[in-house]
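First the structure, in the form of structure tokens, and then the observations on it.
Nothing in this text is a laboratory measurement; each read-out follows from the coordinates by a stated rule. It should be emphasised that the depicted structure is a prediction, and the values quoted were computed from it without experimental measurement. Ideal geometry is used to build each Cβ from the backbone, glycine not excepted, and the neighbour counts take in all protein chains shown.
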Amino acid sequence: MSIISTILKRELRSYFLTPIAYVFIVVFLLLNGICTFYFGDFWGRAQADLVSFFSFHPWIYAIFIPAISMRLWAEERKTGSIEILFTLPITITQAILGKFLAGLVFISVALVLTMPMWILVNYLGKPDNGVIAVCYLGSLLMASCFLAIGAAVSALTKNQVIAFVLSLLLCLLVNLLGFPVVIDQLRLFMPNIVIDTLRNLSFLTNFDTMSRGIIELRSIVYFITLTAFFLFANAVFIENKRAD
């Protein structure tokens, strides 16, 4: 655990020693504000809730998190520091968990900084704070999946731009599988059982349940399992690159 903690601190330090981390956080907060107040019509809805805030998280994360994760392994491979990293007495699992947790802490900091929205709706009315708490939990679980996907893709290439584009496309895909317009088009040539399966694999479908304040075990297991799967894939990719 101490080794994982050391890697976590090293990665976090690399985030905050450059202006990039602060730019990412500012952009994340701006995107959330624009989506909530403009596209989500926060004031026009005249309701003391954060539905218009959380409904855009799957799309914001699909852009924001690949930009964070693209450097996790691609930079290590490009600079050759990955070879130095694995000459140290650490395992691949420790390295992957340390990097992943550092990224998750960074995302958590950005998410915590959105909590003035929670304060605002409590000032304006009497929201169901239990529902909002579940929404934040669901948002973080979904973010961990996006991050695990981005980390696995980053392990496949030395080029950060390629890692970003591939992660972005994959993250958008797992969202679009639950997007109503896409589902309606797929129904034209696919059987319902296939459509239902694809929709259940979508982040939108699983996050929608939690965004309504419902703690559904299926959705929690889905996010945790998918995160674990892509972390495992990350380990396989790194092991294969070491063997080359």
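Some observations on this one:
- Region 169-244: radius of gyration and largest Cα-Cα distance (Dmax), Å: 15.4, 47
- Exposure proxy order (Cβ contacts within 10 Å, fewest to most) of LYS9, LYS99: LYS9, LYS99
- Cα-based reach from LYS241 at 27 Å (exclusive), listing lysines while leaving out same-chain residues under 8 positions away: LYS9, LYS78, LYS99, LYS158
- Label sites at PHE232 and THR93, each approximated as a point 7 angstrom past Cα along Cα to Cβ, lie 1.3 nm apart.
- Calculated mean residue ellipticity, 222 nm, the chain: -24500 deg cm²/dmol, from DSSP H runs (n ≥ 4) at -39500 (n - 2.57) each, averaged per residue and rounded to 500.
- The chain: most fluctuating residue of TYR15, TYR123, TYR61 per GNM, C-alpha cutoff 10 Å: TYR123
- The protection proxy used here, the mean number of other Cβ atoms lying within 10 Å of each residue, ranks peptides 107-120, 136-149 as follows, highest first: 136-149, 107-120.
- Cα pair count fraction exceeding 21 Å, expressed as % - the chain: 60
- With all pairs of different C-alpha atoms in the average, the Kirkwood value for the hydrodynamic radius of region 102-207 is 16.1 Å.
- Debye equation applied to the C-alpha atoms of region 1-100, log10 I(q)/I(0) at 0.20 Å⁻¹: -1.00
- Theoretical gain in end-to-end length, THR18 to ASN122 [0.36 nm per residue, Cα-Cα removed]: 33.9 nm
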